[in-house]
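The values are calculated or read from the model by the stated rules, or taken from the named source; none is laboratory data. None of the values given here were measured: they were computed from a predicted structure. Using ideal geometry, Cβ is built from the backbone for each residue, glycine included, and neighbour counts are taken over all protein chains shown.
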Amino acid sequence: MSKQEEYEHSQLYRIRHSTSHIMAEAVLEKFPTAKVAIGPAIEDGFYYDFDLPRSLTPEDLTEIEARMKELIREGQAFVRQEITAQQAKELFKDQPYKLELIEGLEQGGLDEDGNPTDERIPITIYTSGHFTDLCRGPHVQNTREINPDAVKLLNVAGAYWRGDEKRPMLQRIYGTAFETKEQLDEYLWKMEEARKRDHRKLGKELDLFSQNDEVGQGLILWHPNGAMIRHEIERYWDDEHVANGYDFVYTPHIGRSNLWETSGHLGFYKENMYSPIVIEDQEYYLKPMNCPFHIQIYKSAMRSYRDLPIRYAEKGTVYRYERSGVLHGLMRVRGFTQDDAHHFCRPDQMPAEIDFILSFSLSVLRAFGFNEVSAYLSTMPQKSVGDPALWADAEQALEEALKRAGLPYELDAGGGAFYGPKIDLKIKDALGREWQLSTIQFDFNLPERFGMEYIGEDGQPHRPYMIHRALLGSMERFFGILIEHYGGAFPVWLAPKQAVLIPIADRHLDYAYELAKHFKQTGLRVSVDARAERMNAKIRDAQNAKVPYMLVIGDREMEAGQVALRRRNGENPGPMPVEAFLELAKQEITEKI
């Protein structure tokens with residue numbers, strides 16, 4: 001059973017689902033003409049969508065939450081009934097959103113939350129207090145199982161009905177519930193910490209990146225500070241790939257339509273691609289992926305079994321259409337740079353190649369401070385391409401590699417793409433949030449579509465295995481995750497400015513600039529704060545800018561050839577020889593502390 005399935009069978013899930021109904025009851029008391037939509041439990045809480053006569057205010061949420069706690073303390077029972085479609089229509093005759101869901105249930109194809117299903121689901125309702133809802137459950141038996149002190153309403157957001165921007169905009173109230181107040185307090189602390197670490201907020205404060213309407217939504221402008229961090233990420237990425245037998249390739253940003261027809265993107269992915277560009281009566285498309293180009297490089301020469309494995313790596317910028325409503329800082333954009341790689345190997349090389357990719361991916365992720373890594377193994381779905389025997393071999397190779405790596409993993413049976421099984425690697429950040437980063441994806445489709453071959457030891461053509469590998473995912477999203485993981489306080493090797501020299505008085509300026517020149521020659525990124533400000537103000541500003549090292553220079557330091565080291569975390573090691581500081585900095589940069 002997956003973590004999600006375990007959650008959906010847990011008492012916590014029942015508590016949250018039940019609390020969403022209690023919230024709806026409280027909202028209907030306040031707004032008797034409200035139209036209700038859906039109110040499921042979600043990963044960290046619950047929500048309910050409402051069509052209300054006016055916009056909600058923070059004061060409304062406080063009032064609704066207080067009423068919810070009163071209703072919980074009343075000890076309301078949750079009573080389940082199975083009814084006919086006609087009875088349901090009569091019961092919800094004044095609720096248009098419920099009527100639409102009932103029609104879906106009656107015809108089959110939708111459940112009561114509006115999700116697609118192949119089954120005809122019986123129509124059930126749950127009643128608690130004065131509120132009856134169209135719902136499959138599960139719920140607690142009685143609200144006494146809900147701790148009113150562990151319930152909190154969080155915020156209101158807009159949400160289109162059924163996620164369709166052409167449908168009415170509803171008001172979605174988000175809330176959460178836990179079994180104990182201590183669990184709620186811990187969650188609220190994490191929420192507050194997440195707000196402080198929000199990459200959009202820190203991106204502006206630390207002058208890392210921006211985006212604006214003149215350039216276009218979902219298109220990122222990397223500022224010098226952010227670009228320096230990206231440069232260091234890419235430099236490390238480059239060095240590790242060269243050391244591990246990859247060949248770098250570069251490919252165009254556009255390709256002719258026939259390329260995307262052969263790859264299948266125009267058949268299966270066109271809605272995520274931008275409109276064609278016409279050049280001399282030929283249609284070209286901005287690339288949504290790099291794979292077809294790498295295949296063309298492979299096919300540019302006859303390949304022997306002795307040439308394999310071949311590993312092509314590229315930091316290739318791709319463009320995908322995303323609706324404006326889902327764009328989110330660096331995490332969801334329209335143009336982004338994938339750290340792509342494609343492995344082409346013989347069947348007998350497959351297990352070793354998977355071991356290599358997995359080990360390499362884990363090594364790189366850990367270098368960035370992500371030591372908690374788990375995996376999800378997705379296997380053959382009902383609709384797939386390729387020989388089932390090849391699928392079985394690939395799935396076995398992926399699973400055995402996970403076992404050899406000692407990596408915890410969950411099996412997502414039938415969750416693979418139609419063209420091959422895959423491993424997804426997920427990391428936990430400093431707040432314990434899980435992020436999906438790396439993917440190791442087999443592909444039985446593209447080698448067939450493009451007629452890829454190598455000449456085997458028997459002198460006959462054979463089809464190579466193709467493995468897609470995204471390690472960091474995309475530079476944009478990975479950078480956003482890094483910002484939030486470190487709270488903007490990047491380790492020394494990544495920090496855009498690694499040290500700032502703080503002269504106490506004007507007479508110390510020449511010495512500060514002399515040291516800055518020396519430090520820069522050693523590769524240290526350093527500046528001099530020559531402003532006519534007090535020393536403490538300069539130190540505070542450097543700490544707010546999250547500079548790792550503050551080097552204070554006064555008379556004693558200048559006379560002794562020293563610097564007085566302060567760290568951004570408040571530690572104060574004090575005066576030390578210049579070369580001793582450089583040795584310390586070099587060690588922390590090299591070891592990526």
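Annotations
- In segment 496-512, residue farthest from Met228 (Cα to Cα) [restricted to those that are out of contact with any helix residue (DSSP H, G or I) (no Cβ under 8 Å at 6 or more places or on another chain) and surrounded by 14 or more Cβ atoms within 10 Å (Cβ to Cβ)]: Leu509
- Subset of segment 529-560 (residues that are in a strand (DSSP E or B) and over 37 Å from the mean Cα position of the chain (by Cα)): Val552, Ile553
- Within segment 379-435, if we keep just the residues that are among the basic types (Lys, Arg) and assigned to a loop (DSSP other than H, G, I, E, B), the residue that is surrounded by the most Cβ atoms within 10 Å (Cβ to Cβ) turns out to be Arg433.
- Within the set Leu219, Leu208, the sole residue that is surrounded by 14 or more Cβ atoms within 10 Å (Cβ to Cβ), in contact with a His (Cβ under 8 Å, 6 or more places away or on another chain), of a type in the set (A, V, I, L, M) and under 21 Å from Leu330 (Cα atoms) turns out to be Leu208.
- Test: residue in segment 27-47 that is part of a strand (DSSP E or B) and free of Cβ contacts under 8 Å to residues at least 60 places away in the same chain: yes
- In this structure, Leu471 does satisfy being assigned to a strand (DSSP E or B) and out of contact with any Leu (no Cβ under 7 Å at 6 or more places or on another chain).
- Residue selection: Gly203 fails the criterion of being surrounded by 13 or more Cβ atoms within 10 Å (Cβ to Cβ), in the same structural domain as Ser474 (by TED's automatic domain parsing) and within 19 Å of the chain's Cα centre (by Cα).
- Candidates in segment 400-433 are the residues that are without any contact (Cβ under 8 Å) to a residue 40 or more places away in the chain and more than 22 Å from Glu6 (Cα to Cα); of these, the one that is nearest to the chain's Cα centre (by Cα) is Ala417.
- Those strands (runs of 3 or more DSSP E) of segment 230-331 in which at least 1 residues are surrounded by fewer than 17 Cβ atoms within 10 Å (Cβ to Cβ), in contact with a helix residue (DSSP H, G or I) (Cβ under 6 Å, 6 or more places away or on another chain) and of a type outside the set (Ser, Thr, Tyr), considering only elements entirely within it, cover 282-286.
- Matching residues in segment 206-229 - criterion: being more than 19 Å from Gln338 (Cα to Cα) and part of a helix (DSSP H, G or I): Pro224, Asn225
- Neighbours by Cβ (under 9 Å, 6+ apart or cross-chain): first from segment 440-458, over 23 Å from Ile423 (Cβ atoms); second outside any loop (DSSP other than H, G, I, E, B) and among the acidic types (Asp, Glu): Tyr454/Asp307
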